[in-house]
1. What are the pairs, 6+ residues apart or on separate chains, where a residue within the range 1-19 that is in a helix (DSSP H, G or I) has its Cβ under 7 Å from a residue that is surrounded by fewer than 18 Cβ atoms within 10 Å (Cβ to Cβ) and of a type in the set (D, E, K, R)?
2. Would it be correct to say that Ala191 is within 19 Å of the chain's Cα centre (by Cα), touching a residue at least 12 places away in the same chain (Cβ under 8 Å), in a loop (DSSP other than H, G, I, E, B) and crowded, with 24+ Cβ neighbours inside 10 Å?
3. Kindly indicate whether Asp95 is at pLDDT 95 or above and within 15 Å of Ala63 (Cβ to Cβ).
4. Is it the case, given these coordinates, that Thr122 is within 23 Å of Lys78 (Cα to Cα) and among the polar types (S, T, N, Q)?
5. When you scan the range 116-130, do you find a residue that is of a type in the set (D, E, K, R), under 18 Å from the mean Cα position of the chain (by Cα), farther than 21 Å from Asp100 by Cβ and surrounded by fewer than 21 Cβ atoms within 10 Å (Cβ to Cβ), even just one?
6. Looking at Ile48, Ile90 in this structure, which one is hydrophobic (A, V, I, L, M, F, W, C) and outside any helix (DSSP H, G or I)?
7. Among the numbered criteria (1) of a type outside the set (Ser, Thr, Tyr); (2) surrounded by 23 or more Cβ atoms within 10 Å (Cβ to Cβ); (3) out of contact with any strand residue (DSSP E or B) (no Cβ under 8 Å at 6 or more places or on another chain), which single criterion is violated by Leu26?
8. Could you count how many residues in the range 1-52 are in contact with a Phe, Trp or Tyr (Cβ under 6 Å, 6 or more places away or on another chain) and within 22 Å of Cys185 (Cα to Cα)?
Amino acid sequence: MTFFDKLNTSIKRNNSLLCVGLDTDLTKIPQHLLKEKNPIVAFNKAIIDTTADLVCAYKPNIAFYEAMGERGMMHLQKTIEYIQTTYPGIPVICDSKRADIGSTSDQYAKAVFDYLKADAITIYPYLGIDSSEPFLKYKDKGIIFLCRTSNPSASEFQDLLIDGKSLYIKVAEKVVEWDSTYHNCLMVVGATWPKQMKEIREIAPDMIFLVPGIGSQGGDLKGTLQAGLRPDKSGLIINAGRTIIYANSSKNFAEKARTETLRLRDEINTYR
């Protein structure tokens, strides 16, 4: 199955636009799990098992695993493998924000798609098509370009005017152009910027947006859905990480994560 096949199937099956971010920090997981041989994997599996019927995707951020060195990358690989063998219909987005000259991008793409076997990746658009093409050539994968990020200082560069248009608008226009050739593009558009999301939706009426910023970053959920939903009530992957996976630190952490996932999924659906 392609990334889009998996995503569309899980959205319909689970009636969900919610993606759980598996940004797992060894210092924040419940203490009793530290007795496990692979505590990060044990934590992730428990979160996945209790939320798999409520989500449309999972999104591990590679930084949390790289920070642990070789062992951390093993945890990431085992987490992705577990999702794809136990819940094969749910796509995995590797949030790695890669891009470089073509030869280096080619290696980044191989690492995420051939080794880790993720279904999608986040990348930078700023080096142009020769940097992006090594990812785009994986036609069955989702290539998610940073367009309007959720962080507070995003405007320092992304609002800069070029020929009278903000940089994020220029990025959106270029990604739409690339998608007309490759047909596997998405964009990151933060929930902290619903006005800008509406502008980008007008440029890319059919494209799917990965939406960070809900939860601990204080994004506007209702405004995001009003600005970003397509007429088919889809077109968004709304990510939440810390508010779900760290909802509780007791031995019942996974059940508490499920409760928060269900609450957020249902809240999203009230605005669809």
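1. These pairs meet every condition: Phe3/Asp140; Asn14/Asp53.
2. Values: within 19 Å of the chain's Cα centre (by Cα): yes; touching a residue at least 12 places away in the same chain (Cβ under 8 Å): yes; in a loop (DSSP other than H, G, I, E, B): yes; crowded, with 24+ Cβ neighbours inside 10 Å: yes.
Criteria met by Ala191.
3. yes
4. Details: within 23 Å of Lys78 (Cα to Cα): yes; among the polar types (S, T, N, Q): yes.
So Thr122 passes the test.
5. Pass one, the range 116-130, residues of a type in the set (D, E, K, R): 117, 119, 130.
Keeping just the survivors that are under 18 Å from the mean Cα position of the chain (by Cα) gives 117, 119.
Right, trim to farther than 21 Å from Asp100 by Cβ and you get 117, 119.
Those left that are additionally surrounded by fewer than 21 Cβ atoms within 10 Å (Cβ to Cβ): 117.
Within the range 116-130 (the criterion being of a type in the set (D, E, K, R), under 18 Å from the mean Cα position of the chain (by Cα), farther than 21 Å from Asp100 by Cβ and surrounded by fewer than 21 Cβ atoms within 10 Å (Cβ to Cβ)), the answer is yes, since at least one residue qualifies.
6. Working: Ile48 fails: outside any helix (DSSP H, G or I).
Checking each option against the conditions leaves just Ile90.
7. Here Leu26 meets the rest and fails (2).
8. 1
The values are calculated or read from the model by the stated rules, or taken from the named source; none is laboratory data. Not measured: the values here are computed from a predicted model. Cβ coordinates were reconstructed from backbone atoms using ideal geometry, including for glycine residues, and neighbour counts include every protein chain displayed.
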